[in-house]
1. Using a 1.4 angstrom probe, figure out how much accessible area the chain has per residue, in square angstrom, rounded to the nearest whole.
2. To the nearest 500 deg cm²/dmol, what mean residue ellipticity at 222 nm is calculated for the chain from DSSP H runs of n ≥ 4 alone, each contributing -39,500 (n - 2.57), summed and divided by the residues?
3. Give me the lysines in straight-line cross-link reach of LYS15: C-alpha distance below 29 Å, same-chain residues under 8 apart excluded.
4. Evaluate the Debye formula for segment 22-69 with equal point scatterers sitting on the alpha carbons, no solvent, and hand back log10 of I(q)/I(0) at q = 0.15, 0.25, 0.27, 0.29 Å⁻¹, in q order, two decimals.
5. So how much slack lies between LYS22 and LEU79, counting 0.36 nm per residue of separation and subtracting their Cα-Cα distance, in nm?
6. Which whole-Hz ³J(HN,Hα) couplings does segment 55-61 yield from phi under the Karplus relation 6.51 cos²θ - 1.76 cosθ + 1.60, θ = phi - 60°, glycine and proline marked x?
7. What nm distance separates the two modelled labels at GLU34 and LYS57, each placed 7 Å from Cα along Cα→Cβ?
8. Over all distinct Cα pairs, what is the inverse of the mean 1/r for the chain, reported as the Kirkwood hydrodynamic radius in Å?
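The values are calculated or read from the model by the stated rules, or taken from the named source; none is laboratory data. Note that the structure is predicted; figures quoted are calculated from it, not measured. Using ideal geometry, Cβ is built from the backbone for each residue, glycine included, and neighbour counts are taken over all protein chains shown. When the accessible area is computed, the model is the full protein with side chains, heavy atoms only, and any ligands, DNA or RNA have been set aside. Shrake-Rupley method; radii C 1.70, N 1.55, O 1.52, S 1.80 Å.
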Amino acid sequence: MSTLEINLYNKLKAKIGEAEAKELIEFIDFRSEEKRINSDRILATKQDINDVRLEIKEAKTDMIKWFFAFFITLVLMILGLYAAVLLK
């Protein structure tokens, strides 16, 4: 136990009793440890960041391919309409 926990335990022991104070200190310690473990799971590692960057790069490449294909199709449609008007 740290000095802070011992001081808190002594103050609580005088007010609520020894067993209850010990139980409360253990509960607080358990909750703080649980929060620390949970916060470690939330943080991103360098590998996580690199994976996200790779996914973004792949998505960007796919988007460029689709935009190019759409642009070519649009140009062909406009040329077809223009040709249809001229042949009429």
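1. On the way: 8400 Å² over 88 residues.
It amounts to 95 Å² per residue over the chain.
2. Working: 3 runs with 81 residues, N = 88.
After summing the helix terms and dividing by residue count, I get -33000 deg cm²/dmol.
3. LYS15 reaches LYS35.
4. For segment 22-69, the Cα-only Debye profile gives -0.60, -0.86, -0.91, -0.95.
5. On the way: separation 57, 0.36 × 57 = 20.52 nm, distance 8.34 nm.
Working it through step by step, the gained length comes to 12.2 nm.
6. In residue order, the calculated couplings are 4, 5, 4, 5, 5, 5, 4 Hz.
7. About 4.1 nm separates the two model spin labels.
8. Numbers: mean 1/r = 0.0513 Å⁻¹.
Kirkwood hydrodynamic radius for the chain: 19.5 Å.
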